[in-house]
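All of the numbers you see were taken from the coordinates with simple rules; none came from a lab. Everything quoted here is computed from the prediction, not taken from an experiment. Reconstructed Cβ throughout: ideal geometry from the backbone, glycine too, with neighbour counts over all protein chains shown.
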Amino acid sequence: MSEKLNIGEVCNRKVVIATEDMSIKEAAGIMRDEHVGSLVVVQEAGAGRIVTGMLTDRDIAVMAVARDFDPQTLRVADVMSATPVTANPEDSIHDVLAMMRSRGIRRVPVTTDKGILVGIVTMDDLLEIMAEEMQSFVHAIESAQKREARIRG
């Protein structure tokens, strides 16, 4: 990459959240309204929002709907992935991408060392950055070809 960007510079600071005591129905409604496939589960603290889990649309489908639980009474804490994988704002894009690949995840909350939510980064975000980098390679090749054509005639 042309610049050494870290996750804190590229993460989305607008994070859609849920709380552990929220019903699955309410959480699914938030996902629908916000057009997202996951919610970062947090607990409010004096210093900020502490990340306690992740809830995905797949969690809801596999754990709640497929098992015929009542979405009104089932809570986010019952279905969420506890102890989520997180990234530090100073982590490199490449390190986070490698972590996502090795853990088989597509979304990573970005937190401070104390677990306070800073943002979220998704595989789509990183793909967009990598695509921009690839486009830079294409422009460099095109420029070199044009230069050679001018010089050599």
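Using the alpha carbons alone, the radius of gyration of the range 59-153 stands to its Kirkwood radius in an Rg to Rh ratio of 1.27. Here the contact order of the chain, divided by its residue count and restricted to Cα pairs under 8 Å and six or more residues apart, works out to 27 percent. For the range 25-30, putting each phi into the Karplus relation 6.51 cos²θ - 1.76 cosθ + 1.60 with θ = phi - 60° gives couplings of 4, 5, 4, 5, x, 5 Hz, in residue order, rounded to whole numbers and with x for Gly and Pro. Could you list the GluC sites (Glu not before Pro) in the range 64-153 that lie in coil according to DSSP, counting only those with at most 13 other Cβ atoms within 10 Å of their Cβ? Hits after loop and neighbour filter: GLU90.
Karplus-derived 3J(HN,Hα) values for the range 117-133, using 6.51 cos²θ - 1.76 cosθ + 1.60 with θ = phi - 60°, are 5, 10, x, 9, 10, 10, 4, 4, 4, 5, 4, 4, 5, 5, 4, 4, 5 Hz; glycine and proline are entered as x. Backbone amide hydrogens, once placed in the peptide plane, bring MET22 within less than 5 Å of VAL76, ALA77, excluding anything fewer than 5 places away on its chain. The amide H of VAL118, built 1.01 Å from its N in the peptide plane, has VAL110, THR111, THR112 as neighbours under 5 Å, considering only residues 5 or more places off or on other chains.
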